[in-house]
Structures are given as C-alpha cells and as structure tokens.
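All remarks here apply to the structure that follows.
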Amino acid sequence: MRLARIHTYGLTALLIATLVMVPTNMANAEEQKVPERGEIETQYTWAPETIVPSLDAWEAAFAEVEQDIPKLEAFKGKLGENPETLLKFLKLRDEIGPRFEKVWVYASLRADEDTRIGKYQALKNRLQGLGVKYGQATAWVEPELTSIAWETLDRWMKSNQELAVYRQAFHDLFRQKDYILSPREEELIALAGQVRAVPHNTYNLLSNADLQYPTITDTEGNEVELSDSAFYIFMRSSDRRVRKDAYEGIVGTYKGFRNTAASLLNGAVQNHLFNVRARGYDSCLGAALDGSNIPIAVYNNLVSTVNDNLHLLHRYQAIRRKTLGLDDGVHAYDLFAPLTDAAKLEYTYEEAVDTMIKGLAPLGEEYTEAAKTGIESRWIDVYPTKGKRSGAYSSGSYLTQPYILLNFHGGYEDMSTLAHEMGHSMHSSLTRHNQPYVYGDYTTFCAEVASTTNEVLLQEYVLSRLTDPQQKLYQLGEFLENFRGTVFRQTMFSEFEQKIHEMAEQDLPLTADTMGAAYGEIMQKYYGPDYTHDELVDSYWIRIPHFYYNFYVYKYATSHCAAANIGARVLAGEPGAVDAYLSFLKAGSSAYPIDLLKLARVDMTTPQPIQDAMKLFEQMLDQTEELLEQVK
Ligand SMILES: [Zn+2]
C-alpha cells in the first residue's frame, strides 16, 4: 500500500496508488496468458473517451490550456490592488487548472492502459513541459498573496462573498508565513534543491537498479531468483526454509551496502534538519506535521497508545508461535507467514462487485447507488492486459470521472483492493460534487480513511458469513496481519524515524551501527518475548524506502484506526453516524484534516480512536484463539 499525491506545479490531480505485490517470476510465467486489450469486453474497461472523445480533441484542449496560461501572468503585481482583481485572478486560475488536469488525466490513463505505446508516453512528456510553463507563470502568486496584509484580506472577504469562499485556502497559506524566508533566501534554498535530492535519488538507484540478488531453491525444488518486489510473496510461504533463505538473501544483499545505505539515509535526515534549522521550526517531526497542520498530539497519541497496547502484539506472536510450531521463537522471517493453509476465497469480478456493494450497504443507498452508477459508467479498468501498468490506483481530477485501475485476478485481496480504490473514488466523487475546485482534493491524511473504511466494512461482511472454520481462521489471520502491518508495524517504523531524526537534532552520528542498534531495539520492544531477534534484522531498515518520505508512514496507522472507528459506528447503527461520515467525504479539503475527521466523529487529537481500534484487534485475537481450539 503506497499513497502518492502528484502535485503538478500547484495543480492537484490525484493519483492514489496501491502497490500490489506480484512476484516477478510469476508475472513472467503469466505473461503468456495475459490477453491483449482488444480481447477485453468494453464493459470491463474504463472510459477515457468521456474526458475527450479523440486525440484531436485532446490536442485542441491542450492548445487552449497552453494559450490561456500567459493570461495568469498578466495579473502579476496586481493581486493586492482590490478584491475584484484578486477574485478575477482566482477565478481564472480555477478555470484553467481543472482543464490542465483534465488533459493530464486523459494522457496518463491512456499511457497506463498499454505502457508499450510510445505516443501516449510522449503526451505525458509534453504535459510535463506544460507543467513547467504553468509553474513559471504562477510562481509569483504565493509570495504576492502573502504580502497582502491579513487584515486587508479579511476585510475584503467580509465584504465579498465570492472571495470569502477562499478563506480556508488563504488561512492555510498565511499560517505557514512565519516559516517563509526572504526572497533571496528562498531562492538559495530552491537552488540547493537538486543537490538535496541526491541521497533519495541515489537510494532509489541502489535499491531498484544496482542491487543483485542471489537465487534460492523454492518449495518445488526450482531455482528461483530473488527480487525485492517479491519479498512479501516469499515471506508468506508456508515453507519456513524458503522464508528464511529468501529473507537472508534479500536483507543480506542490503546489508552488504549497510555503510552506503547509512550515509544515504543520513543525507536524507540531514536534509530535513537543514529545512528545520533554516526556517526555524522546533523539530523535524514538528516541521513534517506542519505541512498538513497536524497537531503533534496526534502523532504522540498514536505512538504512546500503540506502546500501551504492545501486549496485544506480543499475545499475537505467542499465538503464531504455537500455531506455526516455531519452537525456537518467531523470527523476522516468520512474521508474515499465514496461520493456516486453508483454501483461499475466490471471486469472479461480478461476484466481487456484488459482495462489495452488499458489504458497503450499511453506508446507505446514496453511497452504494453512486458506486454502482460509477461502475456502470466505466470508472474501472478491471483485468490485466498486455503492457498495462501493474498494481491498482484511483485517479482523476475535478472535471473527470474518478477512474480506477485494477489488475483483478479473483482473490479476496483483489476484491478488497476494489473496495479500497472505490473508497478513494467515492471520496473524490462526493467531494467534487459538493466543493468548489479550490477544495476539490484531499490530503493523504484523510484519503486512506475513505479507502480503509470500505475495507473494514467488507471484511466484517465476509467474515460474518463464513461458516467453514478453516476458511474463517484464514480470513481472521489475514485481518490480524493487515492490522499488524498497518497499525503496529507503521507505528514502529515511525518510532525508528523519530529516533534517527532526534539523534541528528542532537548532532549524534547516524551510522550503520547506530541506526542498526536503534532498529533492533525497537523490533524487540514491539514483538516481545516470543520473538527471536537475529542480527541480520538490524539491517532491515535499509529496504524501506518510506524513511526518505519524511514522517509519512504514521498516517497509515492513524487512517486505519480512524477507519476502524467509523466502520464500528456505522455497523453498530449509531444514529447519524452514516451522515456524519458522508459529510466528511463531501468536505474535500475545505477544512484542516483533523477538523474534517471530526465531521466523521473521529477526534484524532485524543487517544480514543487508537484505543478503540486496539479493542477491535483484541476481539479478533479472542476469536482466533476460539477458532484454533475448534479446529484442533
Ligand atoms: Zn489507498
């Protein structure tokens, strides 16, 4: 699961990608069976032709945007003159922006349908060029806006209703004003941008291009090449020998570059620290959270409440140790192994849609009918085809449908991905129908709440209808794993992230040894007495790219807890809970993320949502233990 927000020079087209884990060897073997796009019935493909009907029409739309961009520049130096001029400019920007996003969405959908077709890739390159032009034509806007006195702007908004719409956007801009430096200083920081990007870029090259992995023997006795992308596939093998060999092969390869990797991660952390010290923030954590105006209490509540509940994670490991018969304790390579080998649930696409809609029924007809209409309007590109982009995502913009890319194979996880992406797309759709363009997007902090709530509802629906104890046990195991992976594990990563940033703030050295020791200590604290720590685990942090994202992963954990809360309220039939949640989905970015979640009755500034989520995890553990007794 990965979430990427594509900011195209101030534009806000959203692409929320979920990385689906496909082993490369399996992908190659299946490549033969994958159909060409032309062999897929139209109803299973998305409909970019509703954005523009043809390439000629796309060219015309592109040219119009290109012609209109200079009109924005004509307002330079005039925004502070009077409210009418300012409003005129904002309206023009909010008229050109969505048209730009529209051509961008069309090109990116077409390019992802078949990545082998060069002409669509070329369109994307041209859009990048247009993005640069747009950026240049609007670079002056924020400094010029913030040079208007807030009192003046406030007076203008009070006398002009149309301008008052922008209050939240202005507030968000002005609240960060204290950290904006002089134009010359900002210019110097911008100049250093490319240099500062080197650690992250180098890490990507190291992990994606340069590392060579050994081969191992799989369960059937075949020699298979290891790859980082197939890491979790190997970790989910029920053959412990395969898991161990794969873990040692992959993490061992990373360990071979531990000093290089430590230097790179140190570079990224120093980068964050540079920003903190140059702009006058209190801490790296504070600076990172300030971007979305997230109070530090939200982060601290998460970490402390998860720590208060580590006994549950320890209990889960004890269950796993006993069930999987791991006499020497749960090793790092055992953490992902399924609890049972029971038959997996399988669905045709029609069954998956039907099950999802039934699972989402507690959200009410307004929601499910809109989702059904979306599916019928061909939001979704369902099946894998030759050359199609892998994984899954929800993408679109203010003037387009909220498209969904899937690579549906028929497992439970594919149905869950469908529900997840539908959560994003419904969030987009409801927001865009209820908000002006300026608030027609949403932050990552809120985005994963909309998607995960659907996952939670679907899981409850499916679980409550399973009768075969083995199948039920398998599914429960999957949900426990999902919770461990998003709530405990991401919080653990956050603690490591916080630790190394604090070390840098105190001018302590960040080396392979100091970071390895910090990581090992946190791992042992989290997994508890039934976990056996191997020295190799001290190098595991090297394979996590998220540590370069600057306090990103904690949001996976907060979103999951918020979604678990919303799901529980909705399923319990709490009066008004559905409407409260829908008002959150309709609110886009019209308020700060924490206030938006309060609309859905979730207050992330208190430990309550995390505590409640922990209770759900505990209940699932109880159920699992009962079932294990039954199937003995
Ligand atoms: Zn997502």
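The values are calculated or read from the model by the stated rules, or taken from the named source; none is laboratory data. Remember, it's a predicted structure, so these values are computed and weren't measured experimentally. A quick note on method: Cβ atoms are made from the backbone with ideal geometry, for glycine too, and the neighbour counts reach across all protein chains shown. For the accessible areas, the whole protein counts, side chains as well, though only heavy atoms, and no ligand, DNA or RNA atoms are used. Shrake-Rupley method; radii C 1.70, N 1.55, O 1.52, S 1.80 Å.
What to note about this one:
- Tilt relative to the chain, helix 444-465 - C-alpha long axis, 0 to 90 degrees, to 10: 40
- Normalised by the number of residues in the range 213-294, the mean separation of alpha-carbon contacts (under 8 Å, six or more apart) gives a relative contact order of 20 percent.
- Extending 7 Å from Cα along the Cβ direction at TYR232 and again at ALA190 yields two label points whose distance is 3.9 nm.
- Residues in the range 243-284 reached by a label modelled at GLN506 [backbone nitrogen below 16 Å; 7 Å Cα→Cβ]: 283-284
- Helix 608-631 vs. the chain, principal-axis angle (Cα, 0 to 90°, nearest 10): 30
- Largest accessible area first, the residues HIS171, HIS433 order themselves as HIS433, HIS171 under a 1.4 Å probe with ligands, DNA and RNA left out.
- Taking the chain and dividing mean pair separation by its residue count, relative contact order in percent (alpha carbons under 8 Å, at least six apart): 20
- Net length available on complete extension from GLU64 to ALA572 is 177.7 nm, with 0.36 nm assigned per residue and the Cα-Cα distance removed.
- For the chain, the longest principal axis of the Cα atoms and the long axis of helix 554-571 meet at an angle of about 80 degrees.
- Most simply put, the chain has about 80% antiparallel DSSP beta bridges, counting only bridges with both residues inside it.
- Listed values for the range 366-375 are Karplus-derived 3J(HN,Hα) couplings in whole Hz (6.51 cos²θ - 1.76 cosθ + 1.60, θ = phi - 60°), namely 3, 6, 5, 5, 5, 5, 4, 4, x, 5, and x replaces Gly and Pro.
- Translational diffusion coefficient (Stokes-Einstein; Kirkwood radius from C-alpha pairs) of the chain at 25 °C, 0.890 mPa s, in µm²/s: 94
- For the range 274-394, the share of alpha carbon pairs falling in successive 10 Å distance bins from zero is 9, 18, 17, 32, 21, 2 percent.
- For the chain, calculated [θ]222 nm from helices alone, where every DSSP H run of n ≥ 4 adds -39500 (n - 2.57): -19500 deg cm²/dmol
- Counting only protein chain heavy atoms and rolling a 1.4 Å probe, the accessible areas of GLU502, GLU535 rank, largest first, as GLU535, GLU502.
- In order along the range 380-393, the phi-based Karplus estimate (6.51 cos²θ - 1.76 cosθ + 1.60, θ = phi - 60°) of 3J(HN,Hα) comes to 10, 9, 7, 9, x, 9, 4, x, 6, 4, 7, x, 8, 7 Hz; Gly and Pro are listed as x.
- Of the listed residues ASP228, ASP282, ASP308, the order by accessible area with a 1.4 Å probe, largest first, is ASP282, ASP308, ASP228.
- Calculated FRET efficiency for the pair GLN128/ARG167, C-beta based, R₀ 45 Å, to 0.05: 0.85
- Pairwise label distance in nanometres, VAL198 with THR146, each label 7 Å out on the Cα-Cβ vector: 2.8
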